[in-house]
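Okay, so here's the structure we're looking at.
The values are calculated or read from the model by the stated rules, or taken from the named source; none is laboratory data. Everything numeric here is computed off the predicted structure, so don't read it as measured data. When we count neighbours, we look across all protein chains shown, and the Cβ atoms used for this are built from the backbone with ideal geometry, even at glycine. Accessible surface areas use protein heavy atoms only, side chains included; no ligands, DNA or RNA. Shrake-Rupley method; radii C 1.70, N 1.55, O 1.52, S 1.80 Å.
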Amino acid sequence: MGESNVWLPTGLWPDEASPLWLNKGDNGWQLTAAAMVGLQSVPGLVILYGSMVKKKWAVNSAFMALYAFASVLICWVMWAYRMSFGTDMIPVLGKPDLKAMTESYLLARYKHEYIPTADYVFYQFAFAAITVILLAGSLLGRMNFYAWMLFVPLWTTLSYTVGAYTIWGAGFLRDYVIDYAGGYVIHLSSGVAGFTAAYWVGPRHSHDRQHFPPNNIINMLGGAGFLWMGWTGFNGGSPLAASTITSLAVLNTHICTATSLLVWLSLDMAVYLKSSVIGAVQGMITGLVCITPGAGIVDTWAAVLMGILSGSVPWFTMMVLHKKSSFFQRVDDTLGVFHTHAVAGLLGGLLSGLFANPRLLEMFYPTGKQGPGFIYGILDGKLRHALRQMGIQFAGALFITVWNVIVTSLICILISRIIQLRMEEDDLEIGDDAVHGEEAYALWGDGERHPPPLRFRMTPRIPSFCRRPDRDH
């Protein structure tokens, strides 16, 4: 060992597995943060979805989330990661290749950070997976599971990668849009794509749409808890280091979330005279989503203001505007993902452009061209730069919205030519037993019916244009 290692504990000496550039603290935190984001999906959203829907859809809803998590991982390492963060192919997309499956690439240093590339691949996978799972919240209770199996890899490949590459990779908005941890890339895209897909899939069974109570509110709170605490890694992992920005982002995340929950709860109590647990969870989610694009680049007082707005603006769009608007009524967005993610994500992106602290921006975007927040621009005499940044925030949101509407529509149209997007009416009446041959609460022998025989009708119906014509006619 060289003289430079004399004053280090032997556990910190570099070796083949711990090269000189590796910071074990940063590496340990990044792996922890990535695992926390993964836990938001599995088991977090698996539990949340399985509990928040009607009993007959508990298995199907939870399984849609579990399948998406596994499917996205395979797509991610085989091609989608490099399409999101690889070398330029076109201005909005990277070139697909298999580098993310090679040892030399994964164990190399990630850019100028002090972690291996494998950390970043896994962390960004957890982001990609939760985006698709959030999108699924708009489709619960009626989407054909086989159509969902096709939708997940197609949407990950053709839609998510473009948003990630454009804003976080090497795309044309990378050095301009403020999106700390995915207000646009993850939440705006999942909300818009979910709403668009819900339009193409069609509504739930009419009775389900009118009467859709959660089957287990206590478990729903458990899933929500995974989501809230897992956001520590969601926003805390974005700096890719255990730094001061990380600490600020974590604190801001929880302050905004708590504020949003309390505001939503207060509005429910003032208008409906009841404290709704489901409403509190919705307010929690909108707070988490709203702070995401600005968690590490706004001051704590701004996080409080963002919480107030994230608890009130999405509440208004969901509880008032949605009920009065024929446009919203035409589309059956099962869990209101458009309001909790698209509206809250857009709101967070614009508020980040309003409140961004220029000193924090320089720390998080050392080579970027992001301008100061509008308020700081006025205070520092840089109004032109601040207005420009607000315009960029609007432009980034517009790009993500338009891309997701178009591509999600094309994906749904393509899949509908292969297999039905929506289940048959008979299956919609039955639910999990018709789809999977399983039920969430099958307490046989306790006064309940006997278990049904195993069902093996697992082959998707073939569309008419694929069938052999009847030669007798």
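Note that region 378-390 has calculated 3J(HN,Hα) couplings of 5, 5, 9, x, 10, 4, 4, 5, 5, 5, 4, 5, 5 Hz, one per residue in order, obtained from phi through the Karplus relation 6.51 cos²θ - 1.76 cosθ + 1.60 (θ = phi - 60°); glycine and proline are x.
On full extension, the segment bounded by D426 and E362 gains 17.3 nm, given 0.36 nm per residue less the C-alpha separation. Put simply, the amide H of E438, placed in the peptide plane, has neighbours under 5 Å in D433, leaving out anything fewer than 5 places away on its chain.
In square nanometres, what is one fourth of the surface area of the convex hull spanned by the alpha carbons of region 357-416? Walk me through the numbers before you get to the answer.
Numbers: hull surface 20.9 nm².
Mean orientational projected area (region 357-416, Cα hull): 5.2 nm².
Each label point was placed 7 Å from the Cα along the Cα-to-Cβ direction; for W301 and I406 their separation is 4.3 nm. Couplings 3J(HN,Hα) for region 14-24, derived from phi with the Karplus relation 6.51 cos²θ - 1.76 cosθ + 1.60 (θ = phi - 60°), are x, 8, 5, 8, 10, x, 4, 6, 6, 9, 5 Hz, where x marks Gly and Pro. Of all aspartates and glutamates in the structure, the ones whose alpha carbon falls short of 18 Å from that of K323, not counting any fewer than 8 places away in one chain, are D208, D268, D332, D333. The listed residues H207, H187, once ranked by accessible area (1.4 Å probe) with the largest placed first, stand as H207, H187.
Ligands, DNA and RNA aside, H436 has an accessible area near 30 Å² when probed at 1.4 Å. In this structure, the pairs whose alpha-carbon distance is over 21 Å, taken from K24/K369; K95/K369; K24/K111, are K24/K369; K95/K369.
At a Förster radius of 22 Å, what calculated FRET efficiency corresponds to the Cβ-Cβ distance of I90 and F394, to the nearest 0.05?
Working: r = 23 Å, r/R0 = 1.06.
Using R0 = 22 Å, I get an efficiency of 0.40.
Put a dot 7 Å past the Cα of I308, heading toward its Cβ, do the same for S18, and the two dots end up 4.8 nm apart. Within the accessible area of region 213-253, the carbon and sulfur atoms contribute 76%, probe 1.4 Å, all protein chains present.
Inter-label distance, T32 to W7: 2.7 nm, where each label sits 7 Å from its Cα along the C-beta direction. Restricting the calculation to Cα atoms, every distinct pair contributes to the Kirkwood radius of region 1-140, found to be 17.2 Å. Each listed q (0.10, 0.18, 0.22 Å⁻¹) maps to a log10 I(q)/I(0) for region 112-229, found by the Debye formula over equal Cα scatterers with no solvent: -0.40, -1.09, -1.34. Region 320-387 and region 34-107 have Cα centres separated by 25 Å. For M89, the residues whose amide H sits under 5 Å from its own are G94, K95, ignoring neighbours fewer than 5 places away on the same chain, with H placed 1.01 Å from N.
Ignoring everything except DSSP H segments at least 4 long, calculate the 222 nm mean residue ellipticity for the chain; use -39,500 (n - 2.57) per segment, divide by total residues, nearest 500. Could you put the intermediate results ahead of the total?
Working: 21 runs with 262 residues, N = 473.
About -17500 deg cm²/dmol.
Note on L98/R209: beta-carbon distance plugged into 1/(1 + (r/R0)^6) with R0 of 51 Å gives a FRET efficiency of 0.70.
Suppose all protein chains stay in the model; what accessible area per residue would a 1.4 Å probe give for the chain, in Å²?
Values: 20840 Å² over 473 residues.
Result: 44 Å² per residue.
For the chain, the Cα gyration tensor yields ellipsoid semi-axes of 38, 27, 23 Å (square root of five times each eigenvalue, largest first, whole Å).
Near D179, no amide H atom lies under 5 Å from its own; only residues 5 or more places off or on other chains count, and H is placed 1.01 Å from N.
FRET efficiency for the S247 to L414 pair, using the beta carbon distance and R₀ = 41 Å, is estimated at 0.35. Per-residue Karplus couplings for region 276-284, computed as 6.51 cos²θ - 1.76 cosθ + 1.60 with θ equal to phi - 60°, are listed in order as 8, 5, 4, x, 4, 5, 4, x, 4 Hz, Gly and Pro entered as x. Ordered by 1.4 Å accessible area with all protein chains kept, R109, R422 run largest first as R109, R422.
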